[in-house]
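Everything on this sheet refers to the single structure shown next.
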Amino acid sequence: MNWRSIWAIARKDLKEVQQNKAAWIPALVLPLIFAIVLPILFTVLPQVLPVEDIQRELGDMETLLKNLPPTIRAIFDGLKLEQMFVLYMTAFMLAPLFLIMPLMFSSVVGADSFVGERERKTMEALLYSPATDMELFLGKVLAALIPAISLSWLTYLVYIIVVNVASFNLFGRVWFPLPTWWPLMFWLTPAFALLGISATVMISARVKTFMEAYQLTGSLVVLVLGLVIGQATGVLYLGVETVMLVGTLIWILDVVLIRAGIRGFKRSMLITKL
């Protein structure tokens with residue numbers, strides 16, 4: 001396996017994706033909402049709303065807090081109503097939603113991998129290159145993995161800054177992120193990014209248009225929605241142990257999909273579609 005060949009394919013794809021503004025603009029709108037709009041909304045409103053309104057919102061929340069592990073419930077001890085609301089919404093409720101971003105970023109680049117080559121009429125030159133089938137497949141995966149993880153981490157950084165700045169008057173200190181966010185960022189997010197990429201690249205090699213590949217991989221968001229619903233209802237809590245467990249299961253699935261993709265990918269299959 002020639003890593004120079006793999007990196008050359010990845011670098012070429014990264015340059016081409018940068019020029020595809022029609023694919024990137026929709027994918028960047030959601031991170032802006034998650035990283036800026038939502039944290040400002042959930043940190044500023046409690047500071048301007050009457051205490052009675054906050055108390056009404058906290059009615060159902062008190063039930064949810066009872067389902068949290070004792071170590072997490074202790075975080076809320078001694079906090080004011082406004083602080084409890086901000087902490088719960090920004091540090092717990094929004095956490096699973098951030099897993100949509102690595103799936104979106106990886107789907108955009110991954111969907112453009114082989115389908116984009118076909119639409120740009122550059123597939124033939126790529127297929128007749130000296131790279132092996134494995135190197136070609138892994139190069140496409142790497143081209144999607146780098147921006148997906150990088151942009152996800154950049155969104156996390158912006159979110160951390162916005163949350164702390166917007167809530168500084170309320171808490172009087174920098175309090176975010178909580179310990180549960182570290183494995184979410186550095187263990188679960190890369191796992192979801194690779195999941196989206198491996199599935200998308202496999203699909204992209206078999207369909208004819210970018211939008212078809214992108215729409216088919218959108219079904220992976222169902223996994224994230226399951227975590228969101230579980231967190232909102234208190235059935236599943238994304239604590240450190242849960243995040244590590246879910247991340248490990250996703251990484252195992254990633255390995256299975258990558259191995260299946262490498263075994264199943266044949267450039268001859270793409271040549272017949274030119």
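Couple of notes before you dig in:
- Under 15 Å from the I161 label point (7 Å along Cα→beta-carbon), backbone N, region 174-196: 177
- Backbone phi angles across region 156-161, fed through the Karplus curve with coefficients 6.51, -1.76 and 1.60 (θ = phi - 60°), yield HN-Hα couplings of 4, 4, 4, 4, 4, 5 Hz in residue order; Gly and Pro are listed as x.
- Summarising the label geometry, the points placed 7 Å from Cα in the beta-carbon direction at K266 and T132 lie 1.7 nm from one another.
Since every read-out is calculated from the coordinates, none of them should be taken as a lab result. As the structure is a prediction and not an experimental result, all values here were calculated from the model. For neighbour counting, all protein chains shown are included, and Cβ atoms are generated from backbone atoms with ideal geometry for every residue, glycine included.
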